[in-house]
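**Student:** This is the structure, below, for whatever I ask next.
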Amino acid sequence: MRGIFLLGLTNLFSDMEKHSKHEDWVAILTGTFLVAQGVFFLQSAHLLTGGTAGLALLFSQLSGIQFGQLYFLLNCPFYLLAWKRFGSRFAINSVISGGLVSIISDHLTTFITLSNISPVYCAISGGLLMGLGMLILFRHQSSLGGFNVLCLYIQDKLGISVGKVQVMIDMCILFASFFFTSPKLIALSVFGAIILNLVLAMNHKPTRYQVRYLKKATSND
C-alpha cells in the first residue's frame, strides 16, 4: 500500500525462513486486527488514506456500502498479480489478510463505538495502527495487496520507480476526494498517511526482510 515500503521490495522474504507457520498465522491475525483498528479510527472521523484502502473508504462514504466489501473487491485484481509476481504462498497469505481486514472492519462497531471523536487523534491512531499492522504482515510473507503490487509490476515493465508511481496514485485519490470532503479532513488524511509511511520507513529497511522474486515468476518475463 505504501511507496516507502516498496523501495525495500526489490528482491520472496529471504530472511523470513526463521518464522514458523504457526508464527506466521499468529502474525497475520495480529497484523490484520491492527490494520482493521486503524481503518476504524479513520472511518469514525470520515478520514481517508492512500491506495485501495483510500478508495474503499471514499466509495464507502459516498455509496453507503460497507468498507470491507469494497476493499476486498478492489484488491482482487492485485491478488492475481501478486500470484504471478511473488508466487502462490505470498498471494494466498495476502488474500487471507485482505479478507480478514474486510471482515473485522465491517464488524468492529458491534463491539466498540466512539462517543467523542477527535479527527486529529483518529488520524494519528489510524496511521500508527495501520502502519504497525502492515509492518507485521510484510515480515511474515503477506501483504494487503493493493497498488503496491501494481507499482512493482510497472517498475519491472516500464522502469518507473515504485515510489513515484505510488505517490502519483495516492495523490490522485486524495485529489479526487477534494470534491467530496472538506479541505480540513483532507489535510488530516494526508497527516495520517504520512505517519503510516514513517512507521514503515523507520522499521522496514531495504537491507532487512528483503523480498526476492520466485524463479518461476522471473522466467515468465
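The values are calculated or read from the model by the stated rules, or taken from the named source; none is laboratory data. Predicted model only: the values in this text are computed from it and were never measured. Cβ atoms come from the backbone with ideal geometry, glycine included; neighbour counts cover every protein chain shown.
**Student:** So is Phe180 under 20 Å from Leu47 (Cβ atoms) and not in a loop (DSSP other than H, G, I, E, B) or not?
**Tutor:** No: the conditions fail for Phe180.
**Student:** Another question about this same structure. Between Gly98, Gly87, which is surrounded by 16 or more Cβ atoms within 10 Å (Cβ to Cβ), of a type outside the set (S, T, N, Q) and within 12 Å of the chain's Cα centre (by Cα)?
**Tutor:** None of the other options fit; the residue is Gly98.
**Student:** Give the residues of segment 43-63 that are closer than 16 Å to Pro183 by Cα, surrounded by 24 or more Cβ atoms within 10 Å (Cβ to Cβ) and modelled with pLDDT of 90 or more, sorted by residue number.
**Tutor:** Leu47
**Student:** Do you know which residues across segment 101-125 are more than 18 Å from Ala36 (Cβ to Cβ) and surrounded by 20 or more Cβ atoms within 10 Å (Cβ to Cβ)?
**Tutor:** Pro119, the sole residue that qualifies.
**Student:** So if I check each of Tyr79, Tyr153, Tyr121, which one is in a helix (DSSP H, G or I), modelled with pLDDT under 90, within 23 Å of Leu200 (Cα to Cα) and among the aromatic types (Phe, Trp, Tyr)?
**Tutor:** Unique residue meeting the criteria: Tyr153.
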